[in-house]
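See below for the structure under consideration.
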Amino acid sequence: MSGIVDTIQGRRSVRTFENKPLTPEDRAYVEGVIQSIETPFGAPVEFRLLDAAEHGLKSPVIVGAHEYVAAKVERIPGAELALGFAFECFCLRAAERGLGTVMLAASLSRKSFEEAMEVGPGEVMPVASPVGYPAAKLSLRESMMRKAIKSDERLPFSRVFFSGSFGTPLSPSDAGRFEEPLEMLRLAPSATNKQPWRAVVDGDTVHFFEEHSLKESALGDIQKVDMGIALSHFLLTAQERGLEGRFVTRDPEAAAPKGTEYITSFEAAR
Ligand SMILES: Cc1cc2nc3c(=O)[nH]c(=O)nc-3n(C[C@H](O)[C@H](O)[C@H](O)COP(=O)(O)O)c2cc1C
């Protein structure tokens, strides 16, 4: 069985699927995963596995998917963070089994998804994802999209991670035991591949920040979902490597660049 680092390194968004429904075994696997996900960020996340034909679920970028997974959360502080964390845990568990996913915030028939999820007035469903068997060849549209938003690229390590303060870039070799968790965080998917995460390593603590580069909508701040995704990559890698610690939210009042918001910190056990 491969570990989380291999899964993260091998993952990519999948928009082109073999045109066949999940087998009963794979349906049961997905159901089991989505019922058991826990997050360190309070807000409870409710998932459902939905049949596309039954609920009229559509996406202009998806080809050949028969099922979707969607998730909703109460609109409370930390909701988007919890949702991003939980949703990425599902996507990684799907990838471990060879199932393809891609989070969709914009490219989906939102009304039919929200009806299928019975989203109430105090709730939000930021993303949904198809789940199925990746086709051998990407659709032309998917290939063009990947090129247009440079989906295979990520910002360099020392461009997004810092040592002590935002003024001092951090090199991978100076990141010590945080190197691999940060490197796996760097590979995370994000809305339009904006990669809003920034981190400042200070001794045994890593402070995480969000660089706002997309406008908020009625659905909330989609880049907080990205932050939740990124933190799942960080925590799952730390756990796999035996690096113990916990998230605490205590603003270090670091002089963050304009438009950069403190999110949370990871305190490693000594
Ligand atoms: C929160 C979120 C929302 C996204 N929304 C969409 C979307 O609406 N349509 C789409 O085609 N891709 C969407 N994506 C997929 C990203 O474009 C993709 O993750 C990014 O380009 C990086 O590519 P990769 O996942 O293959 O590494 C979304 C990803 C995230 C994390």
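Quick check on region 241-252. Is at least one of its residues assigned to a helix (DSSP H, G or I), modelled with pLDDT of 95 or more and not hydrophobic (A, V, I, L, M, F, W, C)? No: zero hits.
Residue-level analysis places A191 among those that are out of contact with any strand residue (DSSP E or B) (no Cβ under 9 Å at 6 or more places or on another chain), within 13 Å of the ligand (Cβ to nearest atom) and either closer than 23 Å to C91 by Cβ or without any contact (Cβ under 8 Å) to a residue 24 or more places away in the chain (or both). Taking the criterion of being more than 16 Å from the ligand (Cβ to nearest atom) and outside any helix (DSSP H, G or I), the residues of region 1-35 that qualify are M1, S2, G3, E18, N19, K20, P21, L22, T23.
Taken as a whole, region 171-180 holds no residue that is within 14 Å of the ligand (Cβ to nearest atom), surrounded by fewer than 23 Cβ atoms within 10 Å (Cβ to Cβ) and not β-branched (V, I, T).
Looking only at region 91-123, residues that are surrounded by fewer than 22 Cβ atoms within 10 Å (Cβ to Cβ) and under 19 Å from A43 (Cβ atoms) come to 9 in all. All of E114, E88, E118, E74 fail the test of being of a type outside the set (A, V, I, L, M) and within 10 Å of the ligand (Cβ to nearest atom), apart from E88. Restricting attention to region 121-144 and to residues that are more than 19 Å from the chain's Cα centre (by Cα) and near the ligand (Cβ under 10 Å from one of its atoms), the residue that is farthest from R186 (Cα to Cα) turns out to be R141. Counting only strands (runs of 3 or more DSSP E) that sit completely within region 155-231, those holding 1 or more residues that are out of contact with any Leu (no Cβ under 6 Å at 6 or more places or on another chain) correspond to 197-202, 205-211. Within the option set R12, R27, being under 27 Å from P181 (Cα atoms) and basic (K, R) holds for one residue only, R12. Would you mind finding the one in S143, S129, S151, S112 that is assigned to a loop (DSSP other than H, G, I, E, B), modelled with pLDDT of 95 or more and either closer than 30 Å to E18 by Cβ or aliphatic (A, V, I, L, M) (or both)? Unique residue meeting the criteria: S151.
The values are calculated or read from the model by the stated rules, or taken from the named source; none is laboratory data. These figures come from a predicted structure and were not determined experimentally. Neighbour counts run over all protein chains shown; Cβ positions are idealised from the backbone, glycine included.
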